[in-house]
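The structure appears below as structure tokens.
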Amino acid sequence: AITTDEYHKLSDQTMDELVTFLEDLGDAMEMDDFDVEYTQGVLTLSVGAAGTYVVNKQPPNRQIWISSPVSGPERFDFRKDHDAWVCRKTGSTLGRLLEQELRDILGMGSLSVPIK
């Protein structure tokens, strides 16, 4: 398990990297209905007709939660042995989940999300 201080450092870093990546991706794509907002620890990503992602920090549980228009809600814990945010239920990492889903939604052959 990670400490509360470690959680805040790791989750803030992850959310900041994700916001920057998605904003850059949106600029590169020039997709009208691709929109990124980040306020008070909650990231909202609109991907047109495909729907909206909501990614947020969950400090009491030391988790990052995601609501995906593709796979639904998932909770991710930081696993030191993986050095990544991992879903207990599926074993997938947060980065891999977003990579696979956004690649399909955006019709991209390859996409590398810089978070774990």
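Could you pull out the residue among SER67, SER46 that is open to solvent by 30 Å² or more (accessible area, probe 1.4 Å) and more than 12 Å from the chain's Cα centre (by Cα)?
On the way: SER67 fails: more than 12 Å from the chain's Cα centre (by Cα).
Just one listed residue meets the conditions, SER46.
Here's the yes/no breakdown for (1) at pLDDT 95 or above; (2) in contact with a Pro (Cβ under 9 Å, 6 or more places away or on another chain):
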residue	(1), (2)
HIS8	yes, yes
THR20	yes, yes
ALA28	no, no
GLU37	yes, no
LEU43	yes, no
ILE66	yes, yes
VAL70	yes, no
GLU74	yes, no
Matching option when the condition is more than 19 Å from ALA1 (Cα to Cα) and either free of Cβ contacts under 8 Å to residues at least 60 places away in the same chain or not β-branched (Val, Ile, Thr) (or both), among GLY91, GLY72: GLY72
Selection within the range 1-43 - closer than 21 Å to SER71 by Cβ, of a type in the set (Val, Ile, Thr) and either part of a helix (DSSP H, G or I) or open to solvent by less than 50 Å² (accessible area, probe 1.4 Å) (or both): THR14, VAL19, VAL36
Test: residue in the range 53-60 that is modelled with pLDDT of 95 or more, outside any strand (DSSP E or B) and open to solvent by 40 Å² or more (accessible area, probe 1.4 Å): yes
The range 85-113, residues that are farther than 20 Å from VAL54 by Cβ and surrounded by 12 or more Cβ atoms within 10 Å (Cβ to Cβ): MET108
Any hit, the range 84-94, residues being modelled with pLDDT under 95 and either assigned to a strand (DSSP E or B) or among the charged types (D, E, K, R) (or both): yes
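The values are calculated or read from the model by the stated rules, or taken from the named source; none is laboratory data. None of the values given here were measured: they were computed from a predicted structure. Reconstructed Cβ throughout: ideal geometry from the backbone, glycine too, with neighbour counts over all protein chains shown. Surface areas here come from the heavy atoms of the whole protein model, side chains and all, with no ligands, DNA or RNA. Shrake-Rupley method; radii C 1.70, N 1.55, O 1.52, S 1.80 Å.
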